[in-house]
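Enquirer: Here's a structure for you.
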C-alpha cells in the first residue's frame, strides 16, 4: 500500500536516471540511480521521496513518508488553531442620536476593537434627514475621535445608499 501526495513523488513514481540522495539522518549518500536509491530505502524499511524535483539532478530523501505526512498534518492543524479570524462588527446609528446612546455605541465599538475585530460604523438617514448628510459626517468624525486610542480608520466615511459608512480596524501594538 502506498500513500501518495500530489506534490511529492515517492518510491516507484520516481523515474529519473540520476538522483542526489540524502539519508534519513541527513547524511549525503551521493549521486545514485533511481533503482539503487530505491533499493537502499527498502533495505532500511523507509521510502524514497523526491523533495526537490526542480534541482539538477533532482534531490531525493530516504524517510518514513507516513510519519512525514502525519507531522505535516499536525503542523498545519497547529497553524490553523493559532490563526485569528477577524470579524467585522457593525455599529448602527441614526443622524439624530442622543449623547448617552452615542457613548454606549462608542464603548461597544472600543470593546470590539480591543478584542481584535474590525468595526463598521454606519449612520443611517431616515426620511428627510438624507437632505443633511453633513450631520452624519460630523457624527462619524466624533465617533472616530472617540475610538482613536484603540482603533485606526481603515476606510474613511462614504455614502452607500441611505447610509454613511466608515471602517475602523484595531491598532497593532508594535
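Enquirer: Go through segment 112-169 and count every residue that is on the phi > 0 side of the Ramachandran plot and part of a loop (DSSP other than H, G, I, E, B).
Expert: Residues of segment 112-169 that are on the phi > 0 side of the Ramachandran plot, as a first pass: 116, 127, 161.
Now restrict to residues that are part of a loop (DSSP other than H, G, I, E, B): 116, 161.
Adding up the residues that qualify gives 2.
Enquirer: Still on this structure: Give 8, 46 a once-over and let me know the one that is at pLDDT below 80, surrounded by 11 or more Cβ atoms within 10 Å (Cβ to Cβ) and either under 30 Å from residue 153 (Cα atoms) or under 36 Å from the mean Cα position of the chain (by Cα) (or both).
Expert: Details: 46 fails: at pLDDT below 80.
It is 8.
Enquirer: For segment 21-37, enumerate the residues that are outside any helix (DSSP H, G or I) and more than 18 Å from residue 65 (Cα to Cα).
Expert: 28, 29, 30, 31, 32, 33
The values are calculated or read from the model by the stated rules, or taken from the named source; none is laboratory data. Because the structure is a prediction, the values reported are computed rather than measured. Every residue, glycine among them, receives a Cβ derived from its backbone with ideal geometry; neighbour counts consider all protein chains shown.
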